[in-house]
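A quick write-up on the structure given underneath.
The values are calculated or read from the model by the stated rules, or taken from the named source; none is laboratory data. Since we're looking at a predicted model, the values are computed, not measured. Don't worry about glycine lacking a Cβ; one is built from the backbone with ideal geometry, like all the others, and counts go over all protein chains shown. Just so you know, the surface numbers come from the protein's heavy atoms only, side chains and all, with ligands and any DNA or RNA stripped out. Shrake-Rupley method; radii C 1.70, N 1.55, O 1.52, S 1.80 Å.
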Amino acid sequence: MTRKVRTRIAPSPTGFLHLGTARTALYSWAYARHHGGEFVLRIEDTDVARSTQESTEQILASMQWLGLDYDEGPVYQMQRLDRYHAVIAQMLAEGTAYHCYCTPAELDAMREAQRERGEKTLYDRRWRPEPGKQLPPVPEGVPPVVRFCNPVDGDVTWDDLVKGEITINNREIDDLIIQRPDGVPTYNFAVVVDDWDMAITHVFRGDEHINNTPWQINIFRALGAPLPLFGHVPVILGDDGQKLSKRRGAVSVTAYEENGYLPEAMLNYLARLGWSHGDEELFTREQLVQWFDGTHLSKSPAQWDAAKLSWVNAHYIKQMDDTALAELVATQLKKRDIVADERLPGICALFKDRCDTTVVLADWAARFYADVTASEADRNHHLSDAIRPAVAALADRLAGVDWDKAAIAAGIKEVLAAQGLKMPALAMPVRVLLLGTPQTPSLDAVLALFSRETALARLRAL
Ligand code: GLU
């Protein structure tokens, strides 16, 4: 019987949703959507000391911003403790798990001795019940951990959706702690119970978890639970070829939102980072869902490319509806205490093809709403005494035209003719006066987006 496709993303709320997890979430989501399946969000908050409400909120906000809608969840592991305890009780009763009373000092000594003998440091199973074995006396006052009876020999093999066949020998791994002394289960145990209970069929996650997978597969088997398929996605490397980390450019998904990136662009860029569909670089959310069947995932690490992300973002900014874009730019302007008005969609329309983030677009828009200061070089170069009469004549002429682009263009032409000037001779200084730079879109279009009053005031300030 084939099971309905169910995927999940299971972030730990011990920090922000970083780019690697966002990409894995995206793949899990796209895979479920492609197959008409379901996608679950689970918050793995069993690391109580390091989990924070703030991180959880940031994860939820990031998922929403990226448009990764989930069919179930958020499910919080700490709300499922009873279930984990029930499974552990059953395992203890069946003999697939056992109590271990080793103190940290004992474990240290055990590892030290193993290191001295040149052996791998693995728990020596001293508390594992075995036929005919005499267990140590239970010490007083030591709260036990629960360990899983991992098979002692044989291989664990799985056909990884990304990496192909992977085999790890059971001799390489030891009897994993599945419940801490305080009764909280560990990641490798809770993840299995959850993936089982939530009927997860496909697990996509970062390849730092490859070493955990044999334990998890063994626990699935011990529980008689159906195994999901695993796909371990390689890490994302920074521009410098090193793993992305907090110090190396790994910023949160929400930081990209703040810095003026569009969710469509992030989605597109992240999806392409580690996956391909022919030569396609730009694709919609719908195309991604249509194409993402779990194949063509890259086996090797992807390299973060900020310039490419900017290029993708510029594409989506150019494509975006001006009113919707204006809303995003208004949010950016608000951070600068600028309240935009009904001109903003027109400003966006005129400037968006030269901007790769909404922050850059807001830089342009701000020039319409707040005073501008040109650089000294531009002032010296463009604002000479010689041009003053022509600028004054333009201001006078513009005082009397209809305030629309065509009438403004006609007014400019009349002034050029009367002053015997070519367009650039007048347009450059006027641009510097209006927007603080000579590199702007055409002058009539720029002027039309000012109020007549502000435009004339800036021209007369020369
Ligand atoms: N909480 C784990 C993490 O954030 C989840 C790993 C998994 O998907 O199994 O890395």
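Projected label points at K318 and A418, each 7 Å from Cα along the beta carbon direction, are separated by 4.0 nanometres. Net charge in the neighbourhood of A302 (other residues with Cβ under 10 Å of its Cβ; Lys, Arg +1, Asp, Glu -1) is +1.
Between I59, P263, A445, the Cα set farthest toward the positive side of the dipole of the chain (charges on each charged residue's Cβ, about the Cα centre) is that of A445. Backbone amide hydrogens, once placed in the peptide plane, bring F204 within less than 5 Å of R8, G231, excluding anything fewer than 5 places away on its chain. Which of the pairs K163/K243; K308/K352; K4/K299; K352/K405; K335/K405 have their Cα atoms more than 23 Å apart in this structure? Table pairs above 23 Å Cα-Cα are K4/K299; K335/K405. The slack in the chain from E281 to A377, taken as 0.36 nm per residue of separation less the alpha-carbon distance, amounts to 30.6 nm.
Largest accessible area first, the listed residues L107, L344 line up as L107, L344 when surface is computed with a 1.4 Å probe on the assembled protein chains.
The value of relative contact order for region 243-374, using C-alpha pairs under 8 Å at least six residues apart, is 26 percent. In loop segments of region 400-460 as defined by DSSP, the trypsin sites (Lys or Arg not before Pro) with at most 14 further C-beta atoms inside 10 Å of their C-beta are K422.
Between 0 and 90 degrees, the angle of helix 322-334 with respect to the longest Cα principal axis of the chain falls at about 80 degrees.
Take every Cα pair under 8 Å whose residues are at least 6 apart in sequence, average their separation, divide by the length of the chain, and the relative contact order is 13 percent. Can you give the net charge of the other residues whose Cβ lies under 12 Å from the Cβ of M198, counting K and R as +1 and D and E as -1? Net charge in that neighbourhood comes out at +1.
Given R0 = 51 Å, the distance between the Cβ atoms of A386 and Q53 translates into a calculated FRET efficiency of 0.20.
For the residues M423, M428, M63, M320, a 1.4 Å probe over the protein chains yields an accessible-area ranking, largest first, of M423, M428, M320, M63. Packing, taken as the mean count of other beta carbons within 10 Å per residue, orders the peptides 144-153, 273-282 from highest to lowest as 144-153, 273-282. The relative contact order of region 1-137 comes to 21 percent, based on Cα pairs under 8 Å that sit 6 or more residues apart. Annotation for A399 and K133: the two label points, set 7 Å from Cα along the Cα-Cβ direction, are 9.9 nm apart.
For K318, the aspartates and glutamates whose Cα comes closer than 13 Å to its Cα, not counting residues fewer than 8 places off in the same chain, are E264, D353, D356. The residues neighbouring S55, those whose beta-carbon lies less than 13 Å from its own, together hold a net charge of -4 under the Lys/Arg +1, Asp/Glu -1 convention.
Averaged over residues, the count of other Cβ atoms within 10 Å places the peptides 24-31, 76-83 in the sequence 24-31, 76-83, highest first.
Only loop residues by DSSP count here, and only those with at most 16 other Cβ atoms within 10 Å; note down the trypsin sites (Lys or Arg not before Pro) in region 285-321 that meet that. Hits after loop and neighbour filter: K299.
Sorting E140, E342 by accessible area puts them as E140, E342; the probe is 1.4 Å, largest comes first, and only protein heavy atoms count.
Segment E208..D293, full-extension length gain: 28.3 nm, with 0.36 nm per residue of separation and the alpha-carbon distance subtracted.
A simple charge model with +1 on the Cβ of Lys and Arg, -1 on the Cβ of Asp and Glu and nothing else charged puts the dipole of the chain at about 720 debye relative to its Cα centre.
Classification of the chain by its C-alpha gyration tensor yields a prolate form. The axis ratio a/c (a ≥ b ≥ c) is 1.5 or more, and a/b outweighs b/c.
With the highest mean first, a sort of the peptides 211-217, 382-388, 366-372 on other beta-carbon atoms found within 10 angstrom per residue produces 211-217, 366-372, 382-388.
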